[in-house]
1. What's the local net charge at GLU79, with K and R +1, D and E -1, over the other residues with C-beta under 15 Å away?
2. What relative contact order, as a whole-number percentage, does the chain give when Cα pairs under 8 Å and 6 or more residues apart are counted?
3. Find how many whole Å separate the alpha carbon centroid of the stretch 358-384 from the alpha carbon centroid of the stretch 32-110.
4. Students often get this wrong, so check it: of LYS168/LYS197; LYS170/LYS195; LYS2/LYS70; LYS70/LYS93; LYS239/LYS276, which have C-alpha atoms separated by over 23 Å?
5. Carbon and sulfur: what percent of the stretch 75-182's accessible surface (1.4 Å probe)?
6. With a 10 Å radius around each residue's Cβ, average the other Cβ atoms per peptide and rank 351-362, 191-202, highest first.
7. So for the stretch 1-148, taking the charge dipole from beta-carbon charges (+1 Lys/Arg, -1 Asp/Glu), which of GLY66, LEU132, PHE28 sits furthest toward the positive end?
8. Kindly provide the helix-only [θ] at 222 nm of the chain, computed as the sum of -39,500 (n - 2.57) over DSSP H runs of four or more divided by all residues, to the nearest 500 deg cm²/dmol?
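The values are calculated or read from the model by the stated rules, or taken from the named source; none is laboratory data. Quick caveat, the model's predicted, so the values are computed rather than measured. Cβ placement follows ideal geometry from the backbone for every residue including glycine, while neighbour counts extend to all protein chains displayed. With ligands, DNA and RNA removed, areas are computed over all heavy atoms of the protein, side chains included. Shrake-Rupley method; radii C 1.70, N 1.55, O 1.52, S 1.80 Å.
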Amino acid sequence: MKILGIETSCDDTGIAVLKIKGSKNPVFDVLSNVVSSQTEVHKEYGGVYPIMARREHQKNLVQVLGKSLKKAGLLKSSEATSKNDEQIREINKILVRETDLQETLLSFLQKYEKPDIDLIAVTNGPGLDPCLWVGVNFAKALSYSWNIPIIPINHVEAHALINFLGVKAKGVFPAIALVVSGGHTQIILMEAIGKYKILGETRDDAAGECFDKTARILGLGYPGGPAIAKAAGECDPSKKLGIKLPRPMINSKDYDFSFSGLKTAVLYDHLKKTAKIKNGKEYMCEIANEIQQSIIDVLIKKTITAAKDYKAKTIILGGGVSANSELKKQFQKKSLEQNINIIFPEPVLSTDNGLMIAVAGYYNKDKVINWKNLKADSNLRIGE
Ligand code: KG4
Ligand code: ZN
């Protein structure tokens, strides 16, 4: 079977085609995974601007779909796919709020044949509401026009399940998943694929949001995670300036997080320092190193504690922050000490992409719904 995965929950427009051979021991074959990033658009604001992100998705979706189908060898021109008036009316009705998409999608649908796809999987939450709706309505229009079944996908679940592209699920559970991105920081007990319980989450900013906001304070650019990681990597471990930041909630007796205090501590430290010091390379790399280490310390402590408490066999990492190599290195060391397996995606699959939605689509293939009933839910929660 072939699954088309569509992702638009934040600032990446992602569409992938995944081929799955066999059912007992499925073999995954990635036919394409195209991501159009909006980093350049949001850079000057130091964060994602939802209305602009929505506009960019509308601009990009048809192009990304074309590229993805072409790469998968599924884009075939046709003269016989012209839509009748009723179909055109229905597609325009589905895209009534996505007027920028109506024309481009209609001409695409008239130009190309229905592709050899069995299922459409689309993120319907959690995420930025205006962005989610663009992807959901786009997917509904495709499902209607091509008469292909559709499945709604939880974005957080997809960040965890992308790990099962290369790893067999057998022997992995119970597992503790840590999903850390720009919008989410959650510790999830996974008893099996589809059986989840949120054990803890952030009470304010997400870990990636903390990277982004502190990088903005320091003038390091956007996205903040890679910028802070780079500055931290240039640091002299002797720590001449003695910068010490808090590890918020590290000793709290729960699995929750709080990162807004860390951001405030960085702001105060930055305000306190003289221009001469804070413009120096030494300050930048030392504070970046301390921000990164503070976030790593808290994430590792809470996740390992949850893994021990629930006798987990595996720790599963996912989400943009799990692209951080220092985080992965330290997590590997700690989980090895505890005799717990750890799995994480390769960096391009840690951040948002359509492939993770297609993989999650495979594991949710029994949850097909009528496209008419599909809705975006920005507060969608896993396991509820
Ligand atoms: O999963 P993702 O692409 O989007 C959301 O679902 O939010 O995650 C994006 C987040 C951003 O906050 C970005 O700064 C962070 O992931 N990020 C990183 C790294 N690469 C991306 N954080 C730390 N280290 C990295 N190498
Ligand atoms: Zn994400």
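1. Net charge around GLU79: +3.
2. Details: 798 pairs, mean separation 91.0, N = 384.
Reported relative contact order: 24 percent.
3. Computed from Cα coordinates, the inter-centre distance equals 20 Å.
4. Over 23 Å Cα-Cα: LYS70/LYS93.
5. 47
6. Numbers: 351-362: 29.0, 191-202: 16.5.
Highest-to-lowest ranking by the protection proxy: 351-362, 191-202.
7. PHE28
8. -13500 deg cm²/dmol
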